[in-house]
Amino acid sequence: MANQGADAARVLLIDDSKLIRFSAQKILGSDFEVVLAEDGEDGWANIESDPGIGVVFTDLSMPNLDGFGLLERVRGSADSRIRDLPVIVVTSGEEVQTRQKAFDLGATDFITKPFDSVNLLARARAHASRRAGADAGGEDGATDPVTTLRSKPFFLEQIHRDRALAARHGHEWAVLFVELAQFREFFLKHGKDRAYEVLGDMGRIVRRQVREEDTAARVGLSQIALSVPMTGESGIGVLAQRLHRALARAQLGGGNGLPVALAAMVPDPADKAVERHLQRLGRATANVIGEHGGGMVRLRPRPAAQSGQGVAAQR
């Protein structure tokens, strides 16, 4: 471990190659405390026991516990400190399917070895900075550091408040779900930094389109949800169309832009299962992407007493 001050951020490097561990420590040691582990089990022990670790770099092919298994443990942890750790996968030019599997298991970013000092140090600094920002959490974790929209935990609390207020006063209330299609492929091709630039642009566009009383939050990789009080069918339709045009016009990602899918509904405020509304909307955008590549869909609300069977979407 490098001899750094007590306030230095700690980076965990997990690789069964002694040469890779030595090289990484030499490159990162001037900026970080570097913790070294030679396999996934050793790395996991460090993650569990050391709350000061802020960024993890891991190889995929290792004895005892490989990188895939480590990702599963990290993302499946009941401890949010561990679950939210940035995990950068160190690859050797693996096939796209291998990178896709790591991405699906929760990899934050990728770096190819042999890595150069500038790239490795830049990745470590960027992710350590984002981790520090997330830990500081702007307004107690209320803000997503990538889009600067609200965070998912804040949104889930707010949407319950909006529903309760609508039910109490007999007001309408709408929910809108927005997703960028092909974003996973864009991420794998262009990397984390470029992908996060796109999400930042997406957040700024959404923020310009909503009112002060609306709540917009990042709730998935490239998914943004909006809770829109005092809004019925016509109002949410207008907002959806305006937002779709603004995002399409921005051509996010370059070229013709990544396709955009939106799903909207005006739920029954008597139905307290707001998470179910979000799940339906998420499935609807996924279906729109799968069937049409993008576009908009309107869902009809289910009665509060009806929790099972589907209701056909209106297009």
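Throughout, read-outs are computed from the coordinates displayed, never taken from laboratory work. Not measured: the values here are computed from a predicted model. Positions of Cβ are generated from backbone atoms using ideal geometry, with glycine treated the same way; all protein chains shown enter the neighbour counts.
Given Cα pairs under 8 Å that are at least 6 residues apart, what percent is the relative contact order of the chain?
12
Can you run the Rg to Rh ratio on segment 140-299? Use alpha carbon positions and the Kirkwood inverse-distance Rh.
0.96
Which of GLY106, GLY235, GLY253 moves the most in a Gaussian network model of the chain with Cα springs under 10 Å?
For the chain, modelled as a Gaussian network with Cα springs under 10 Å, the answer is GLY235.
If neighbour count is taken as other Cβ atoms inside 10 Å, put VAL87, VAL35, VAL210 in order from fewest to most.
Ordered from fewest to most neighbouring Cβ atoms within 10 Å, VAL87, VAL35, VAL210 come out as VAL210, VAL35, VAL87.
Can you list residues whose amide H is under 5 Å from MET296's amide H, if they're 5+ apart or on another chain and H is modeled 1.01 Å from N?
For MET296, the qualifying residues are LEU262.
What whole-number distance in Å separates the alpha-carbon centres of segment 206-278 and segment 160-188?
Segment 206-278 and segment 160-188 have Cα centres separated by 6 Å.
How many times 2.2 N^0.38 Å is the alpha carbon radius of gyration of the chain?
Taking the Cα Rg and dividing by 2.2 N^0.38 Å, one obtains 1.10.
Taking 8 Å as the Cα distance limit and 6 or more residues as the minimum spacing, I'd like the relative contact order of segment 140-299 as a percentage.
Taking the mean separation of contacting Cα pairs over the length of segment 140-299, I get 30 percent.
Rank the residues HIS292, HIS277 as a footprinting-exposure proxy: fewest other Cβ atoms within 10 Å of their Cβ go first.
Exposure proxy ranking, most exposed first: HIS292, HIS277.
When the chain is fully extended, how far beyond the present Cα-Cα distance does ARG207 get from GLN97, taking 0.36 nm per residue of separation?
Stretched fully, the ARG207-GLN97 segment lengthens by 36.1 nm.
Would you look at the GNM of the chain, springs on alpha carbons closer than 10 Å, and say which of LEU60, LEU226, LEU121 moves the most?
Of the options given, LEU121 has the highest mean-square fluctuation.
Using only the alpha-carbon atoms, what does segment 10-136 span along each of its principal axes? Please give whole angstrom values in decreasing order.
33, 32, 23 Å, listed from the longest principal axis down.
Relative contact order for segment 10-136: what percent, with Cα pairs under 8 Å and sequence separation of 6 or more?
Normalised by residue count, the contact order of segment 10-136 is 24 percent.
Tell me, in nm to one decimal, what length is gained between ARG242 and ALA122 on full extension, where the rule is 0.36 nm per residue of separation less the Cα-Cα distance?
Extending this stretch completely gives an extra 39.4 nm.
Within segment 172-191, whose backbone N sits under 20 Å from a point 7 Å along Cα→Cβ of ASN256?
Residues 179-187, 189-190 fall inside that zone.
Work from the charge dipole of the chain (Cβ charges, +1 for Lys and Arg, -1 for Asp and Glu, about the Cα centre) and give the residue of ALA128, SER222, GLY76 farthest towards its positive end.
Of the options given, the answer is SER222.
So which lysines can LYS189 reach, going by Cα to Cα under 22 Å and dropping same-chain residues fewer than 8 places off?
Excluding near neighbours in sequence, the set is LYS101, LYS113.
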